[in-house]
1. Using all C-alpha to C-alpha distances in the stretch 1-40, build P(r) with 5 Å bins and read off the rounded percent in each one.
2. Considering only protein heavy atoms, what per residue accessible area in square angstrom results for the chain with a 1.4 angstrom probe?
3. Just the projected area, averaged over all directions, of the convex hull on the alpha carbon atoms of the stretch 40-156: how many nm²?
4. Say we join alpha carbon atoms closer than 10 Å with springs in a Gaussian network model of the chain; which of 199, 160, 241 then has the biggest fluctuation?
5. GNM, the chain, Cα, under 10 Å: largest mean-square fluctuation among 40, 233, 146?
6. Please list 62, 8 in order of solvent-accessible area, largest first, computed with a 1.4 Å probe with all protein chains present.
7. Enter the per residue convex hull volume of the stretch 145-229, computed from alpha-carbon coordinates, in Å³ rounded to the nearest integer.
8. Run the helix sum for the chain: -39,500 (n - 2.57) per DSSP H stretch of 4+ residues, divided by residue count, reported at 222 nm to the nearest 500 deg cm²/dmol.
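The values are calculated or read from the model by the stated rules, or taken from the named source; none is laboratory data. Predicted model only: the values in this text are computed from it and were never measured. Please note: Cβ atoms are built from the backbone with ideal geometry, for glycine as well, and neighbour counts cover all protein chains shown. Ligands, DNA and RNA are stripped out before the accessible areas are found, and what is left, the full protein with its side chains, is counted by its heavy atoms. Shrake-Rupley method; radii C 1.70, N 1.55, O 1.52, S 1.80 Å.
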Amino acid sequence: DLLTDLLKSVSRAFYLTLRVLPASLRAPIGLAYLLARAADTIADTQAVPREDRLGFLLSLRKQVQQGIDPTDLAEITDSLVGQQPSESERNLLESLPRVFGLLESMPDLDAQRVRSIVVTLTQGMEFDLTTFPDEESGEIRALDGDSDLDRYAYSVAGCVGEFWTDISIDHIGSLKNWDRAEMSTLGVRFGKALQMTNVLRDVPSDLRIGRCYLPSSVLESVGLLPEDLMSPDSASRARSVLVDNIRLTLDHFRAAESYLMAIPRRNIRLRLAAVWPLLIGLGTLG
């Protein structure tokens, strides 16, 4: 029920992707998603002070790395469950002991890969909490340069391409001839394509909570500060920054297409799992 009812309640779209995957991939990928989603819920609970959220996030990461601590896990759930407006998010946090139980029962290699990807994803969430101002402060901060944006896109999505590639090669016999390094590189760019699409889509809502993922160095090159993006008068100058990032994202999507086409035709379930986010991402970017 963790990989069916619970997962479906927190993400119907990902649930559909999980159901179409080959059976051997569903447990490690589904479990990684549940742990990452729980971490994201912790990081995004704005009713809890930022310092406390960061502490709970680091506590969860430590338990992913080293094993469950019932006392620390109970502190997380007791502090955060009541702050969730969504019943599905409350159920997810309350189910963490069983989620960790599933992790500890997995084959060693699968568990190792799940732990690694969740640690990396929580580092991206930690970056958000420590880089940007408090959501209610009224301040805006931008990333410094393109390299910061690229590293961020890797830590919150690109790394998933590596994980997905490793798990697929581990479990699908027809992929044994894949070049792991080459396919991981394409997988990273697939993840970056999806994250950059989210970044571009969410510029307005992110600005309202003080986050600007468009780098300040790039904005300065067209005579803008992050705060200027709140004004419609800046639209014409800001457009060039947006267009350049759309072009970059399309380049990543070309790598995603190469990833898709490298999946053998007979692996129709794997192809479907890859093509759905690709098409949704391109539609959103369009």
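1. 6, 27, 40, 22, 5, 1
2. Details: 13340 Å² over 286 residues.
Accessible area per residue: 47 Å².
3. Working: hull surface 32.0 nm².
Dividing the Cα hull surface by four gives the mean projection, 8.0 nm².
4. Sorting by GNM fluctuation, first place goes to 241.
5. Maximum among the listed residues: 233.
6. Working: 62 110, 8 80 Å².
Of 62, 8, the descending order of accessible area is 62, 8.
7. Working: hull volume 8.0 nm³, N = 85.
It comes to 94 Å³ per residue, whole-number rounded.
8. Working: 15 runs with 206 residues, N = 286.
Result for the chain: -23000 deg cm²/dmol, rounded to the nearest 500.
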